[in-house]
Amino acid sequence: MKSSLSVNHLLGIKGLQLRDVELILATADTFKDVLNRPIKKVPSLRDLTIANLFFENSTRTRLSFELAEKRLSADVVNFTSSSSSVTKGETLIDTVNNILAMKVDMVVMRHPSPGAAAFLSQHVRSRIVNAGDGTHEHPTQALLDAFSIREKLGSVKGKKVVIIGDILHSRVALSNIFCLQLLGAEVMVCGPTTLIPKYISELGVRVEHNLRKALQWCDVANVLRIQLERQDIKYFPSLREYTMLFGINKALLDSLDKQIVIMHPGPINRGVEITSDVADSEHSIILDQVENGVAVRMAVLYLLAGKNEK
Amino acid sequence: MKLLLRSVKILSPRSPFHGKTQDILIEGGIITAIEKSIAAPRGTVIHEGKGQQVSTGWMDLHARFCDPGFEHKEDLNTGLDAALQGGFTGVAVMPSTAPFMHTKSLVEYVIRKAEGKSVDVYPVGAITQNGAGKELAEMYDMQSSGAVAFSDDKHPIADAGLMLRALLYSKNFDGLIMHYPDDRSISGKGNMNEGVSSTRLGLAGIPAIAEELTIARDLKLAAYANSPIHFSTISTAGAVQLIRDAKKKGLKVSCDVAAHNLLFSDKDLDTFDSNLKLMPPLREAKDIKALIDGLCDGTIDAVCSDHTPEDVENKKKEFDYAHFGMIALETCFAVANTAFSKSTKSDKDAILESLIGALTDKPRSILSLALPDIKVGAKANLTIFDPNKEWLVAKNQLRSKSANSPLVDKKLTGKVIGVCHKDQWHLAR
């Protein structure tokens with residue numbers, strides 16, 4: 001296996017080749033071992049400074065990145081602005097250049113606008129890691145999801161994965177589709193017709209609007225959070241009705257004639273897209289995902305930093 | 001001024017010299033001779049036009065000069081320079097100024113400022129006050145001051161009742177309503193064409209149906225009102241078909257297409273180039289084919305520039321925060337010509353003739369303007385161009401005040417050579 005990524009930034013899964021994903025997952029294996037040692041820190045990124053720029057609310061992704069950076073001995077600065085600098089009249093390029101002027105080596109950015117990470121990579125001189133750009137991509141989430149499926153089921157290839165929920169507004173769904181397809185899984189999306197993009201099947205995914213049929217088909221169900229904050233208009237009448245149609249509960253899982261794996265990128269709306277007894281059941285690998293997230297992000301940062309040195 | 005255009009091929013179906021390579025002598029702004037070979041009188045500027053063609057001067061139906069209000073993006077002077085560079089001798093300017101061109105004083109401002117320029121300027125007044133889509137503007141007053149048609153530019157009129165009243169009322173003075181078809185309750189916050197590309201990019205889509213629903217509605221309204229209607233910058237295959245069917249039924253409908261919608265598709269947005277964030281959005285290959293077919297069979301009347309200057313602050317930013325539009329006057333012909341040369345159609349001469357018709361007689365006819373002629377005794381209103389010449393669009397050669405063009409550093413086929421109008425000869429850069 002090659003020891004270097006084909007890209008200089010992680011903007012999305014779309015730009016990656018299979019060998020890149022395999023390299024990241026293999027590197028994450030090593031870091032996961034490290035994380036289970038008594039001393040969890042390695043000196044790999046000592047002397048590097050990484051800026052976490054979060055122009056949109058995030059707790060777990062930011063914490064996960066920050067922890068990954070600290071485990072790699074990088075120096076970390078955080079910038080959080082939910083209202084975004086746009087309201088102050090400063091452009092994104094200016095904000096980032098200001099931070100880079102303070103000698104920052106890498107930027108991890110979350111931003112509400114699709115393509116913001118790609119835009120930044122075209123205009124500033126730094127390694128960029130996309131931590132979610134609007135409704136476009138969230139590549140590290142897809143990588144950690146793939147890592148978790150591989151860990152649980154042995155491999156991703158040939159597995160059937162259904163992504164359930166608001167596909168229209170989900171960067172997790174899009175990155176997962178690209179990543180799982182690259183690794184040879186079959187992908188289905190399931191959700192209300194108003195929240196499934198009209199042309200999604202042209203990406204080579206199946207579309208199902210019946211939750212039971214979708215669960216019956218799959219090996220893994222990746223349940224998305226209903227993100228009401230992203231919906232400026234109503235796509236379904238009420239959360240109650242959403243739960244009636246697309247909520248996963250224990251009785252439904254028990255009625256299937258097989259065991260499936262339940263995933264969720266968090267944070268969970270308990271009782272909406274998934275009930276507590278499912279989230280906390282043996283079906284669920286939700287907390288494994290969180291743990292793996294740190295290892296996968298360490299791998300991404302480590303591999304991109306390695307390109308930096310050349 | 002005396003000018004001799006030597007060995008230029010005349011492309012003008014109404015001219016007795018159509019298809020012939022001739023010398024054209026122009027004296028004092030009047031064509032005084034068209035012959036196989038003319039001896040230049042003393043003091044004549046001679047232009048060697050071998051391999052070049054000449055048509056009547058081009059007319060753009062849809063440009064913005066941002067003047068008054070946004071002079072940092074463009075003003076009438078730079079806009080008209082850009083028009084000349086693009087081969088245009090006439091430009092209809094949209095009311096997207098600040099304030100919105102909805103009164104006679106604003107129409108008069110534009111007309112006065114364009115006096116003495118080498119390009120004819122035709123103001124298009126607003127249909128509604130401030131372009132807000134609520135109350136009708138004083139269209140007759142504006143027409144009396146020189147407005148040639150009425151449009152709210154890229155602010156579609158959502159209220160069907162208001163649209164009907166505009167169509168009915170403008171009949172009192174033979175005013176033409178030009179409408180940009182887009183149902184905003186469907187296109188909403190869309191940033192690009194809805195399709196597999198928008199799905200891949202996670203960008204909110206503008207579905208074709210948002211355009212087609214409005215056209216279908218307006219065709220019903222125009223039929224009911226028995227009024228003419230013009231659709232500005234159509235972009236979908238469905239739109240072409242709706243208008244083709246309406247024309248067959250005898251409705252008084254016309255339409256235009258922006259040149260860039262013939263060349264680019266939504267696939268070109270993969271790098272999030274905000275200079276390709278356009279309204280209407282770039283559609284798909286099937287739409288491009290339908291638009292070119294529509295131009296060749298006469299369904300689409302005119303090719304326009306949809307020239308939209310934007311400053312760098314509004315373009316060099318995140319895609320969904322960037323403003324819509326590109327500057328296009330200087331590249332309009334080349335873009336359409338390049339698109340045509342890429343199409344699978346075999347009769348290249350007929351295609352070029354369709355394109356030139358869509359830049360000359362047809363847009364002027366839509367606005368009921370007098371048509372220039374290429375004959376002895378006529379005023380010289382001419383554009384000289386080379387449809388086969390390849391050129392590189394260089395940023396420092398652009399005359400527009402803005403540079404928001406996705407074509408910078410790109411190669412195009414088809415070059416404007418020069419323009420002769422109002423007794424002046426302008427060689428393009």
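Here's the yes/no breakdown for (1) in contact with a Lys or Arg (Cβ under 8 Å, 6 or more places away or on another chain); (2) open to solvent by less than 70 Å² (accessible area, probe 1.4 Å); (3) outside any strand (DSSP E or B):
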residue: B:328; (1), (2), (3): no, yes, yes
residue: B:351; (1), (2), (3): yes, yes, yes
residue: B:355; (1), (2), (3): no, yes, yes
residue: B:382; (1), (2), (3): no, yes, no
residue: B:391; (1), (2), (3): yes, yes, no
residue: B:409; (1), (2), (3): yes, no, yes
residue: B:418; (1), (2), (3): no, yes, no
Out of curiosity, is residue B:257 closer than 23 Å to residue B:368 by Cβ and either more than 14 Å from chain A (Cβ to nearest Cβ) or crowded, with 17+ Cβ neighbours inside 10 Å (or both)?
yes
When you check residue B:234 against the structure, is it assigned to a loop (DSSP other than H, G, I, E, B) and touching an Asp or Glu at 6+ places or on another chain (Cβ under 9 Å), yes or no?
yes
Failed item, numbered, when residue B:376 is tested on (1) part of a helix (DSSP H, G or I); (2) surrounded by fewer than 23 Cβ atoms within 10 Å (Cβ to Cβ); (3) among the β-branched types (Val, Ile, Thr)
(1)
From (1) of a type outside the set (A, V, I, L, M); (2) closer than 20 Å to residue A:148 by Cα; (3) part of a strand (DSSP E or B), pick out the condition that doesn't hold for residue A:19.
(3)
Provide a single number: the residues in the stretch A:162-192 that are under 19 Å from residue A:215 (Cβ atoms) and touching a strand residue (DSSP E or B) at 6+ places or on another chain (Cβ under 9 Å).
18
Taking residue A:67 and the conditions (1) touching a residue at least 60 places away in the same chain (Cβ under 8 Å); (2) open to solvent by 20 Å² or more (accessible area, probe 1.4 Å); (3) not assigned by TED's automatic domain parsing to the domain that holds residue A:118, which numbered condition does it fall short on, given that it satisfies the others?
(3)
Can you name every residue in the stretch A:164-195 that is buried (at least 19 other Cβ atoms within 10 Å of the Cβ), of a type in the set (Val, Ile, Thr) and either within 14 Å of chain B (Cβ to nearest Cβ) or under 18 Å from residue A:140 (Cβ atoms) (or both)?
A:167, A:172, A:177, A:187, A:189
Extreme residue, nearest to residue A:20 (Cα to Cα), among residues of the stretch A:142-161 that are open to solvent by 10 Å² or more (accessible area, probe 1.4 Å) and part of a helix (DSSP H, G or I):
A:150
Okay, helices (runs of 4 or more DSSP H) sitting entirely in the stretch B:134-188 with 2 or more residues that are small (Gly, Ala, Ser) and over 23 Å from residue B:114 (Cα atoms), I get B:160-170, B:184-187
With under 19 Å from the mean Cα position of the chain (by Cα) and of a type outside the set (Lys, Arg) as the only criterion, which of A:45, A:10 stands out?
A:10
Scan the stretch A:119-126 and give yes if some residue there is within 27 Å of residue A:44 (Cβ to Cβ), buried (at least 24 other Cβ atoms within 10 Å of the Cβ) and assigned by TED's automatic domain parsing to the domain that holds residue A:188, otherwise no.
no
From the residues in the stretch B:186-201 that are open to solvent by less than 10 Å² (accessible area, probe 1.4 Å) and in contact with a Gly (Cβ under 8 Å, 6 or more places away or on another chain), which one is farthest from the other protein chains (Cβ to nearest Cβ)?
B:190
Hits in the stretch B:118-168 - residues which are at pLDDT 95 or above and among the hydroxyl-bearing types (Ser, Thr, Tyr)
B:122, B:128, B:140, B:144, B:145, B:151
The stretch A:142-159 residues that are at pLDDT 95 or above, paired with ones that are among the hydroxyl-bearing types (Ser, Thr, Tyr) (beta carbon under 7 Å, 6 or more apart):
A:142/A:175
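This table checks each residue for (1) more than 14 Å from chain B (Cβ to nearest Cβ); (2) closer than 14 Å to residue A:129 by Cα; (3) at pLDDT below 95.
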{"residue": "A:27", "(1), (2), (3)": "yes, no, no"}
{"residue": "A:30", "(1), (2), (3)": "yes, no, no"}
{"residue": "A:46", "(1), (2), (3)": "yes, no, yes"}
{"residue": "A:65", "(1), (2), (3)": "yes, yes, no"}
{"residue": "A:74", "(1), (2), (3)": "yes, no, no"}
{"residue": "A:86", "(1), (2), (3)": "no, no, yes"}
{"residue": "A:96", "(1), (2), (3)": "no, yes, yes"}
{"residue": "A:100", "(1), (2), (3)": "yes, no, yes"}
Take the residues in the stretch A:278-310 that are farther than 28 Å from residue A:108 by Cβ and in contact with a strand residue (DSSP E or B) (Cβ under 9 Å, 6 or more places away or on another chain), then tell me which one is surrounded by the most Cβ atoms within 10 Å (Cβ to Cβ).
A:278
Which of the following residues is touching a Gly at 6+ places or on another chain (Cβ under 6 Å) and either at pLDDT 95 or above or within 14 Å of chain A (Cβ to nearest Cβ) (or both): B:236, B:308, B:271, B:299?
B:308
For residue B:183, only one of the following conditions fails: (1) surrounded by fewer than 24 Cβ atoms within 10 Å (Cβ to Cβ); (2) of a type outside the set (Val, Ile, Thr); (3) under 30 Å from residue B:146 (Cβ atoms); (4) in contact with a helix residue (DSSP H, G or I) (Cβ under 7 Å, 6 or more places away or on another chain). What is its number?
(3)
When residues of the stretch A:230-277 are limited to those that are aliphatic (A, V, I, L, M), more than 14 Å from chain B (Cβ to nearest Cβ) and open to solvent by 60 Å² or more (accessible area, probe 1.4 Å), the one nearest to residue A:56 (Cα to Cα):
A:239
Residues of the stretch A:102-117 being more than 14 Å from chain B (Cβ to nearest Cβ) and either touching a Lys or Arg at 6+ places or on another chain (Cβ under 8 Å) or not in a strand (DSSP E or B) (or both), in sequence order, are A:102, A:103, A:104, A:105, A:106, A:107
Hey, could you check the stretch A:118-141 for residues that are within 13 Å of chain B (Cβ to nearest Cβ) and in a helix (DSSP H, G or I) and say which is modelled with the lowest pLDDT?
A:123
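The values are calculated or read from the model by the stated rules, or taken from the named source; none is laboratory data. Bear in mind that the values here come from a model prediction, so they are computed numbers and not experimental data. Reconstructed Cβ throughout: ideal geometry from the backbone, glycine too, with neighbour counts over all protein chains shown. Ligands, DNA and RNA are excluded from the accessible area calculation, which covers all protein heavy atoms including side chains. Shrake-Rupley method; radii C 1.70, N 1.55, O 1.52, S 1.80 Å.
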